[in-house]
Amino acid sequence: MTLPWFVYGTLRPGAYNHDRLLLGRTAIEEEALLPGALLHDGPGHPYAVPGDGTVTGTLVTPEAGAYDTLLALLDRMETGAGYERTARDAVRVRDGRTVRAWVYLAAPGTPLGQPIPSGDWFSRAPAGPRTP
């Protein structure tokens, strides 16, 4: 099944893994929302989990010919970091259209950080000092 990806953390345009892995390999990048999900901070990246909220992100469609390579690359990276790939309905911001997309959600048993109430990893509060 060939689907775009809904990305919400370091794979979003302007973030580290987007620039490293996706920049120049995508045909379309569109702002989108993932309803039915909650966002949690993680060790340098966020985790989305099913829940009663909405996560902000981007729908990414790879360039022709890059799909299989990117799918294998992202699967390897994300499953090694505690994610599992699943197909979910995202909502494209520009027109409200529902688009089926691959999303990497936290795998069962993955330790989650603090919730990000806004659902937008880019607008999260900066980490402050932790108290013992």
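The values are calculated or read from the model by the stated rules, or taken from the named source; none is laboratory data. A quick note: this is a predicted structure, and the numbers were derived from the prediction, not measured. Here the Cβ positions follow ideal geometry from the backbone for every residue, glycine too, while neighbour counts run over all protein chains shown. Please note that ligands, DNA and RNA were not included when accessible areas were found on the heavy atoms of the full protein model with its side chains. Shrake-Rupley method; radii C 1.70, N 1.55, O 1.52, S 1.80 Å.
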(message) I'm told ILE28 meets every condition in (1) open to solvent by less than 20 Å² (accessible area, probe 1.4 Å); (2) touching a Ser or Thr at 6+ places or on another chain (Cβ under 6 Å) except one. Can you identify the failing condition by its number?
(response) (1)
(request) Please specify each residue of segment 17-30 satisfying the condition of being basic (Lys, Arg) and part of a helix (DSSP H, G or I). (result) ARG20
(message) Which residue is nearest to GLY65 (Cα to Cα), if the candidates are limited to segment 1-25 and must be open to solvent by 70 Å² or more (accessible area, probe 1.4 Å) and out of contact with any strand residue (DSSP E or B) (no Cβ under 8 Å at 6 or more places or on another chain)?
(response) THR2
(message) For segment 1-54, give me the residue count where each residue is β-branched (Val, Ile, Thr) and within 15 Å of MET77 (Cα to Cα).
(response) 2
(message) Restricting to segment 28-52, name every residue that is small (Gly, Ala, Ser) and modelled with pLDDT of 95 or more.
(response) ALA32, GLY36, ALA37, ALA48, GLY51
